[in-house]
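The values are calculated or read from the model by the stated rules, or taken from the named source; none is laboratory data. Remember, predicted model here, so these are calculated numbers, not experimental data. With ideal geometry, Cβ positions are generated from the backbone for all residues, glycine too; neighbour counts draw on all protein chains shown. Only protein heavy atoms, including side chains, enter the accessible area calculation; ligands, DNA and RNA are left aside. Shrake-Rupley method; radii C 1.70, N 1.55, O 1.52, S 1.80 Å.
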Amino acid sequence: RNASSSLNDAIASQALHLYPNPVSEVLSLGWKQEGRELPELVEIHDATGRLIMRRNASELNTGSTITVSVKDLASGTYQVTLTTNKNRYTRAFVVAH
């Protein structure tokens, strides 16, 4: 890990909050909007980097929270990426059934 990726992780952890984590059914993504930052895309990748889900954020958005059903995902570690019109935030989460 380099200082840049650690800084990016720190920024993502302040801007994007996942709960509950671990999750069994519905993952909520809350974020701090910076100015006119609007969510555009939500992607979930498995531990190998394989794309599991890609959805337009407007389909999932309820105010400053996005909810994603993960009940059909196998137990394990995943990465969720929220792409806005200004930034991209990636956080890890665990599915536990």
### Query
Could you say which residue among Thr48, Thr83 is open to solvent by less than 30 Å² (accessible area, probe 1.4 Å), among the β-branched types (Val, Ile, Thr) and modelled with pLDDT of 85 or more?
Thr83
## Note on the structure
If we ask which residues in the range 10-34 are open to solvent by 70 Å² or more (accessible area, probe 1.4 Å) and either at pLDDT below 75 or assigned to a helix (DSSP H, G or I) (or both), their number turns out to be 5
### Query
Does Thr48 count as over 14 Å from Leu29 (Cα atoms), out of contact with any Pro (no Cβ under 9 Å at 6 or more places or on another chain), assigned to a loop (DSSP other than H, G, I, E, B) and not charged (D, E, K, R)?
yes
### Task
Please find, within the range 51-80, the residue that is most open to solvent (accessible area, probe 1.4 Å) out of those that are touching a Leu at 6+ places or on another chain (Cβ under 9 Å) and closer than 13 Å to Leu16 by Cβ.
Thr65
